[in-house]
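Notes follow the structure.
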Amino acid sequence: MSWSTPPYLLADVSVRRVMLQVLVALLPGIAAYVWLIGPAIILQLLIATLAALLGEALMLRLRRRPLLLFLTDGSAIVTAWLVALAFPPLSPWWLTVVGVLFAIVVAKHLYGGLGQNPFNPAMIAFAACIVSFPALMSQWPALGLRLSLAEQFGIIAGLAPRVDAMSGATPLDALKTALKLGDGAVDVPTLLATQEVFGNFAGRGWEWVSTGYLLGGLWLWQRKVITWQAPAAFVGGLSLLAGILWAWNPQQFANPLFHLFSGGSLLGAFFIVTDPVSGSTTFRGKLIFGFLAGAIAYVIRVFGGYPDGVAFAVLLMNLCVPLIDMYTQAPIFGMKNPK
Amino acid sequence: MISALAIMALGAVVLGAALGYASIRFRVEGDPLVEKIEAILPQTQCGQCGYPGCKPYAAAISAGEADINLCPPGGMDGVRKLADLLGREVKPLEAEEKPKQIAIIDEQTCIGCTLCIQACPVDAIVGAAKQMHTIIEPLCTGCELCVKPCPVECISMQPIAENIDNWKWKYPVFEIKRAA
Amino acid sequence: MLAKLFRFKGGVKPQTNKAISVHEPIGRAPLPARLFVPLHQSIGGAPNPLVQAGDSVLKGQLIGAADAWVSAAVHAPTSGRVLAVEEHVAAHPSGLPTLCVVIEPDGRDEWIERRPVDHHSLPPERVRELLRDAGVVGLGGAAFPSHAKLTPARAVAMEHLVINGAECEPFMTCDDMLMRERADEIVRGIAIFRELLSAREVLIGIEDNKQEAIAAMQEAVLRLAPDYRVVAVPTRYPAGGAKQLIRVLTGKEVPASRRSTELGVQCFNVATVYTAYRALACGEPVLSRIVTLTGNVERPRNWEVWLGTPMREVVALARPRADSSSFLMGGPMMGFEIPDLDAPVVKATNCIIAASPALFPPPPPEMPCIRCGACAEACPHELQPFELYWFARARNFGKTQEYYIFDCIECGCCSYVCPSHIPLVQYFRFAKSEIWAREREKQAADAAKERFELRNARAEREQAEKAERLARAASAKASEKRAPPDPGNKPAPESAPAVDQPPAAAGEVAMTAGDAEAIRKAAIAAAIERARSQRESAQPRNTDRLSAGQQREIAAVEARRAARSTAATAAASGTAAATDSGGAAVPPAGSRRDD
């Protein structure tokens, strides 16, 4: 007697398809990235993918899980791409590999593999590397750096010297540094308007990468791969805090738009806080999770020691997920107005 | 130095008084632990643990005189629950675990001696002297206490057969392994 | 049609595949060579058989009477001879047998006397009894006895009577065809139910993919009962679930913890209403039902099938294609694989689907849950299936109940949408049946404990009484010969010395427990002596007429027993002596432990 079980009809859905859609949704952001700094990011994505698959295969073998089934589910590649996109694009190859392996081996498989990790693996990788290699992790290609393909590959491969021009700063860094050096004498609106690094509204080039993520995220939402609550709450939490401080002192604090479109805000909003495994799952839980993650990210990036706070904010909120989920269970069918 | 000592002493006295008061004021009558333990025990009253019934065994566990792994009808499940309740370590059962059984009297052989009726701790056997006896199946706890007293060995223990009423949905096979 | 519709959350839209089986009208399945009519075809108590092998029965004759209020009668589907009342494989996912009346039809199809009744002239209780005795149960698949649902709540006025013609399961068209062909009877049946419940409003919900059925019902309603409302509801599985349909039509939500009558609403399937009408207006009990035969077959169609017809013969009517690998009873969402086609069609058999790997591809391998929440989105009861899954998988049944596992209707929406292809419903069914089993065990344990305590109290009382009697006797006859205990006494439960005694003696050997140690010891000695002499002289009476073989067996048993008895005797009397008159019930347990 066979043990097939009802329902005998199944929708045409799979984990692989979910993951593939996430990868597709990352493409607009990646395209903008390529336009911004050149094909280096493609190489990084390739390195990351390869490292992720190797790490995944190794761990699956060690854990005696079916190799093919899990290697092709796409989850490792999603993690790899998120790591690659969160890291500086001209990081040496080994930094990417270390980050990806840390994500796959420690953050994912040591916790039990797909579906079991309490923390977002990509954010764990980012946090681990920014703590371990703070210098390398803050070397972003300087504005207007135009390197040839060979030069970029040389830098990533460690064959070419890491030129000075590379140790640029992200708009967030630039703002922070300027504020620190200016010691209160800086006028943020003028700074944003005058310095080239800040681009049209949030950072030259970066604003378009963020727009790419936004587009991809909206597509995911339209495809019902993600729900609106967590991203909306994240954007809401970040903008609300930014808005309050900006309204209070526009000379010292950048406007919410700048914060939304710089750093990892939109990547985080649509691709990190929406991670179902490590995120909250209830309606209200997602709102709380997203909102607090956004708010904490803002606090860390403005008042903390690190250039961006998305990773730490998300990890902190990952910690709270079981509690949030427990207290935000929605009433079920028929129990909404218990008499 | 003196004042420090005095403060510490005063603290000790105050706390001690508070604890002493609490122990009197919030004293729990009886021993709810025994009841909690008894609720876990299967109430077969079989005595296989070495105690004459489930309650004495529960009392013995509560008093720390008996181990938690002496109850074969409760099975490993029962041991686990007891370990959970008491914060003790899970131990393997002393005896082997058997599927749940009930006693069946072979009515052809029964001579009506009433010994099994006297042995049955839960009044699950009916019959009178020199009349045939029979087990009331739904009441039988499977304690086996009636088996040995029977002088003609007409009582046997039989595992409860699966039927539509007690049939259970099975734990789904975990297919990841199979896909390997 | 102007009704304001509500919506339920969740639900899915699988391919309906209904069109294939509605081309032909309902056919009447031929009588099989043998009918296997299970006695237990509804929720509730199992009916008692009223016939035995060799009896001849008439069509419609009662063969199993309801044994409780929630139970429904079973009838002979045709006239013939009862071949046996025996266990036969059931239409049940387990493939276990159930008690069936096996009938060999005589071909005459001779009815019992049918007595149509006018339900207006009868009190409601009597109508409910008639329905129970006609075997009217929910034909949507649950087979809950209908009469038990026809009592309105005392405190709440019955607002809505919902008639379920939604039929949301893919492939299934039996209700659709019934509404197309027999709308008048359905509408007349609704009138009966409405009257019993004194419902203010009647709402007939039909999924909007069944336009012909809607038209037929509207036409019948217009003619017979213009105040009923036929409402087309959006096609979305499981709109035909009773709770979902109630929600859609009335906006009320019935949780598992409450009855729908408490909310002033009740729901019946159209086929149920139809059989109720036949039962009262024609005096015909439920003998057949309409079954959709569809799936991987040459000739999908609806058939009116006699209950008890082996599925093998029913399936043959549809000519299943050669690559059919298995057959499902019920729809593809909630049905189950029929373990054995010898199983008979029962009242719950609404559909039989021939399955093939092409039609229902085997599920891809199960992956771990990624908590994507698709199941929670799809759950019509707004549960968190993935949370329930974690707990059920870990056998943490307490937690599953905290997350309302019993509100799960096992509709299968969660499994349908799961990207990890986890058999979620299976986990929930597993958890539910484990919880039920534990509940049963707990109740049995509580009852056992209570009986044990009562028994101990009784033993204690008897012992005290006996001790008192003995003490009196002993003091009266102190100078005379030691008196043996009253032979007329009932055996005391604590008669430890008798443990290894032969049977006939036991009734007369009573354990003594006096307050004076000397008396007691002497009495024990006397009792043992008496028992011994009796054992030697007397033969147990019921061994008089035994065959030589049986005698030998008993002799062998006695020999084995004798070999063991020495130790037992010593131990038993030791325990008995050590027991004071207050410590009842200890000896039996104690003496047993020594073996």
Mean Kyte-Doolittle of at least 1.6 plus a Cα span of 15 Å or more along the axis: flag which DSSP H helices in chain B meet both, please. B:2-25
For the Cα atoms of chain A, what angle does the longest principal axis make with the long axis of helix A:206-222, in degrees from 0 to 90, nearest 10? 20
So, with points 7 Å from each Cα along the Cβ direction, the A:R61-A:A330 label distance in nm works out to 4.5
Estimated inter-spin distance, C:A394 and A:A157, nm [label 7 Å along Cα→Cβ]: 5.0
What's the average, rounded to a whole number, of partner chain beta-carbon atoms within 10 Å of each residue's beta-carbon in C:441-447? 5
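From Cα pairs below 8 angstrom and at least 6 apart in sequence, can you work out the relative contact order of chain B, rounded to a whole percent? Working shown, then result.
Numbers: 229 pairs, mean separation 29.1, N = 180.
Contact order relative to length: 16 percent.
Just order C:20-26, C:379-385, C:71-77 by mean Cβ neighbour count inside 10 Å, highest at the front, would you?
Details: C:20-26: 15.6, C:379-385: 24.4, C:71-77: 27.7.
Sorting C:20-26, C:379-385, C:71-77 by mean packing, highest first, produces C:71-77, C:379-385, C:20-26.
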Within 10 Å of each Cβ in peptide C:411-420, how many partner chain Cβ atoms are there on average? Round it to a whole number, please. 5
With θ set to phi - 60°, apply the Karplus curve 6.51 cos²θ - 1.76 cosθ + 1.60 along region C:242-254 and write out the HN-Hα couplings as whole Hz, x wherever there is a Gly or Pro. 3, 5, 5, 5, 4, 4, 5, 7, 10, x, 8, 10, 9
Least to most buried among B:E162, C:E181 (fewest other Cβ within 10 Å first): B:E162, C:E181
What is the distance, in nm, between label points placed 7 Å from the Cα along the Cα-to-Cβ direction at C:L224 and at B:V173? 4.9
Search the structure for amide H atoms under 5 Å from the amide H of C:L307, placed 1.01 Å from N in the peptide plane, and list their residues when 5 or more places away or on another chain. C:S288, C:R289
Calculated over chain A: convex hull of Cα atoms, volume per residue (Å³): 159
Enumerate the lysines that C:K477 could reach by cross-link, defined here as Cα to Cα under 26 Å, with residues fewer than 8 away along the same chain left out. C:K466, C:K490, C:K521
Out-of-range pairs (alpha-carbon distance over 22 Å; input B:K36/C:K449; B:K100/C:K432; A:K336/C:K399; A:K108/A:K176): A:K108/A:K176
Which order do the peptides C:293-302, C:147-156 come out in when sorted by mean C-beta neighbours inside 10 angstrom, highest first? C:293-302, C:147-156
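Can you bin region A:193-275 into rounded, prolate or oblate? Criterion: square roots of the alpha carbon gyration tensor eigenvalues sorted a ≥ b ≥ c, rounded for a/c under 1.5, prolate for a/b above b/c, oblate for the rest.
Since a/c reaches 1.5 but b/c is at least a/b, the shape of region A:193-275 is classed as oblate.
Can you sort B:C146, B:C46, C:C411 so the residue with the fewest Cβ neighbours within 10 Å comes first?
B:C46, B:C146, C:C411
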Work out from phi, with θ = phi - 60° and the Karplus expression 6.51 cos²θ - 1.76 cosθ + 1.60, the ³J(HN,Hα) of each residue of region A:10-26, listed in order in whole Hz, and give x for Gly and Pro. 10, 5, 7, 9, 7, 4, 4, 5, 4, 5, 4, 5, 5, 4, 4, 5, 7
Nearest 10 degrees, 0 to 90: what angle lies between the long axis of helix A:310-327 and the longest principal axis of chain A (Cα atoms)? 30
C:I204's amide H: which non-local residues (gap 5+, or another chain) put their own amide H closer than 5 Å, with H modeled 1.01 Å from N in plane and none for Pro or chain starts? C:I163, C:R229, C:V230, C:V231
As a test, work out the antiparallel percent of DSSP beta bridges whose residues both lie in the protein assembly as shown, rounded to the nearest 5. 65
I'd like the mean, over residues of C:427-435, of how many other protein chain beta carbons sit within 10 Å of each residue's own Cβ. 3
Cross-link candidates for C:K59: which aspartates and glutamates have Cα within less than 14 Å, leaving aside residues fewer than 8 places away along the same chain? C:E104, C:D106, C:D109, C:E110, C:E113, C:E284
Three-way shape call for the protein assembly as shown based on the alpha-carbon gyration tensor, with the a/c threshold at 1.5: oblate
Can you sort A:S239, C:S257 so the residue with the fewest Cβ neighbours within 10 Å comes first? C:S257, A:S239
Degrees between helix A:75-86 axis and first principal axis of chain A (Cα, 0 to 90, nearest 10): 10
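For a protection proxy built on the mean count of beta-carbon atoms within 10 angstrom, sort A:205-217, C:356-368 highest first, please. Intermediate values should be presented prior to the final figure.
Working: A:205-217: 22.2, C:356-368: 16.5.
Result, highest mean first: A:205-217, C:356-368.
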If I take R0 = 60 Å and measure r between the Cβ atoms of A:V24 and C:E450 in this structure, what FRET efficiency does the formula 1/(1 + (r/R0)^6) give, to the nearest 0.05? 0.35
When the chain is fully extended, how far beyond the present Cα-Cα distance does C:R321 get from C:I43, taking 0.36 nm per residue of separation? 96.7 nm
Cut-off 17 Å (backbone N to label point 7 Å along Cα→Cβ of A:S148), residues of region A:16-44: A:38-40
Assign one of three labels to chain B, namely rounded, prolate or oblate, based on the Cα gyration tensor with a ≥ b ≥ c the square roots of its eigenvalues; rounded applies when a/c is under 1.5, prolate when it is not and a/b is larger than b/c, and oblate otherwise. oblate
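All of the numbers you see were taken from the coordinates with simple rules; none came from a lab. Given the structure is predicted, the values throughout are model-derived calculations rather than measurements. Virtual Cβ from ideal backbone geometry, glycine too; neighbours counted across all protein chains shown.
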